[in-house]
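First the structure, in the form of structure tokens, and then the observations on it.
The values are calculated or read from the model by the stated rules, or taken from the named source; none is laboratory data. Since the model is a prediction, treat every value here as computed from it, not as a measurement. Cβ coordinates were reconstructed from backbone atoms using ideal geometry, including for glycine residues, and neighbour counts include every protein chain displayed. The area values use the complete protein model at the heavy-atom level, side chains included, leaving out ligands, DNA and RNA. Shrake-Rupley method; radii C 1.70, N 1.55, O 1.52, S 1.80 Å.
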Amino acid sequence: MDKRDKTLIIIAIVICVIISCLSPFIASGDPDGLEKSAEDAGVSEDKAIVVIQPPFPDYTFEPLESLGEVSVLIIGAILTLLCGWGIAEIVKRRS
């Protein structure tokens, strides 16, 4: 990996962290997503079957309030980047 690639990776990580820091404050308080579709279809949360309990439900860590939302998003972004890097290393070694 040359210096240009490393610089690009570092810039991408910084952009991910910046987006993670800003998203709780600029995101809509009433998003149109899966929960909204379930509400429109009349499916209540009581009928939902939880297969795996999420570690951070609703993308937040309750004791830290807004800071908890930011920290959970940063952790998620970094874990996603690490998973992508790990998969790339596995594919690179196989070929």
Please name whichever of Val17, Leu64, Leu81 sits farthest to the positive end of the charge dipole of the chain, dipole taken about the Cα centre and charges placed at Cβ: Lys and Arg +1, Asp and Glu -1.
Leu81
Treating only the Cβ of Lys, Arg, Asp and Glu as charged (+1, +1, -1, -1), what charge dipole size does the chain show about its Cα centre? Round to the nearest 20 debye.
1000 debye
Relative contact order of the chain, defined on C-alpha pairs under 8 angstrom at six or more residues apart (%)
36 percent
Measure nothing fancy, just the Cα-based angle from helix 65-94's long axis to the longest principal axis of the chain, in degrees from 0 to 90, nearest 10.
50 degrees
If I compute solvent accessible area with a 1.4 Å probe over the protein chains, what percent of it on the chain is carbon and sulfur?
66 percent
Ile75: accessible area at probe 1.4 Å, nearest 10 Å²?
80 Å²
Roughly how much of Lys92 is accessible, in Å² to the nearest 10, using a 1.4 Å probe?
130 Å²
Semi-axes of the chain from the Cα gyration tensor (sqrt of 5 times each eigenvalue, largest first, whole Å) come to 32, 19, 13
